[in-house]
1. Pairs please, first residue from region 78-96 and assigned to a strand (DSSP E or B), second anywhere and charged (D, E, K, R) and buried (at least 17 other Cβ atoms within 10 Å of the Cβ), Cβ atoms under 9 Å, 6+ apart in sequence or on different chains.
2. Say we look at region 119-176 and pick out the residues that are of a type outside the set (A, V, I, L, M, F, W, C) and assigned to a strand (DSSP E or B); which of these is nearest to residue 86 (Cα to Cα)?
3. Would you call residue 139 in contact (Cβ under 8 Å) with a residue 60 or more places away in the chain and farther than 30 Å from residue 51 by Cα?
4. Within region 71-84, can you find the residues that are in contact with a helix residue (DSSP H, G or I) (Cβ under 6 Å, 6 or more places away or on another chain) and among the polar types (S, T, N, Q)?
5. Yes or no: region 25-45 includes at least one residue that is without any contact (Cβ under 8 Å) to a residue 12 or more places away in the chain, more than 19 Å from residue 103 (Cβ to Cβ) and of a type in the set (Ser, Thr, Tyr).
6. Within region 21-43, which residues are part of a loop (DSSP other than H, G, I, E, B) and open to solvent by 10 Å² or more (accessible area, probe 1.4 Å)?
7. Is it true that some residue in region 66-82 is in contact with an Asp or Glu (Cβ under 6 Å, 6 or more places away or on another chain), open to solvent by less than 20 Å² (accessible area, probe 1.4 Å) and of a type outside the set (A, V, I, L, M)?
8. Checking residue 93 against (1) within 30 Å of residue 51 (Cβ to Cβ); (2) touching a Leu at 6+ places or on another chain (Cβ under 7 Å), which single condition isn't satisfied?
Amino acid sequence: MENEKLKEIYLAGGCFWGTEHYFKQVDGVVETEVGYANGKVDNPTYQMVCSDSTGFAETVHVVYNPEKVSLRFLLNLYFMSIDPLSYNQQGFDRGSQYRTGIYYTDDADLEEINTAYAEEQKKYTQPMAVEMERLTNFFVAEDYHQDYLDKNPNGYCHLPRRLFEFARKAKDRNNI
């Protein structure tokens, strides 16, 4: 597959360890990387981000093959993995770095993102707390955060482990 055919999306779903592991299971996702998105300093460290003063969200950069998996399917899986009403918190993790967000780099994706967001919003009477913004910056997290749950299979994760198996078996019927 040529790289120019690959697409990307950045998803903040609370602690990035579980969110990364979740999306790594999806057929058609070719690469994931954890980092810090849409903050206000250069080259933040984990300690800086945890100080709640940098404005960054723990985020997963998801690179995918759109011939195998659609953005819409990925967004549907994303909404299954978060509490979209929770502000600056997922599971037991609290702080602005744990907020939820969909950050895009390609304006052509915005219509699909808006559609998926609107469909999800219909399920709730309260407004969702999920940010929907253009990616302004992304800094790769420290090496020990990359593939964390692969390196530490019993490590902390706010996501139910059953979601990983679900993601591994999930198929985008529209792209088959």
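The values are calculated or read from the model by the stated rules, or taken from the named source; none is laboratory data. Not measured: the values here are computed from a predicted model. Glycine gets a Cβ as well: all are built from the backbone with ideal geometry, and neighbour counts include every protein chain shown. These area figures cover heavy atoms from the full protein model, side chains too; ligands, DNA and RNA do not enter into them. Shrake-Rupley method; radii C 1.70, N 1.55, O 1.52, S 1.80 Å.
1. If the second residue must be charged (D, E, K, R) and buried (at least 17 other Cβ atoms within 10 Å of the Cβ), the pairs left are 89/83; 89/99; 90/83; 90/99; 93/58.
2. 131
3. Spelling it out, it is not the case that residue 139 is in contact (Cβ under 8 Å) with a residue 60 or more places away in the chain and farther than 30 Å from residue 51 by Cα.
4. 81
5. Filtering region 25-45 for residues without any contact (Cβ under 8 Å) to a residue 12 or more places away in the chain gives none.
Looking through region 25-45, none of the residues is without any contact (Cβ under 8 Å) to a residue 12 or more places away in the chain, more than 19 Å from residue 103 (Cβ to Cβ) and of a type in the set (Ser, Thr, Tyr).
6. To start, the set of residues in region 21-43 that are part of a loop (DSSP other than H, G, I, E, B) comprises 25-28, 38-43.
Listed by number, the residues that qualify are 25, 27, 38, 39, 40, 41, 42, 43.
7. yes
8. Every listed condition holds for residue 93 apart from (2).
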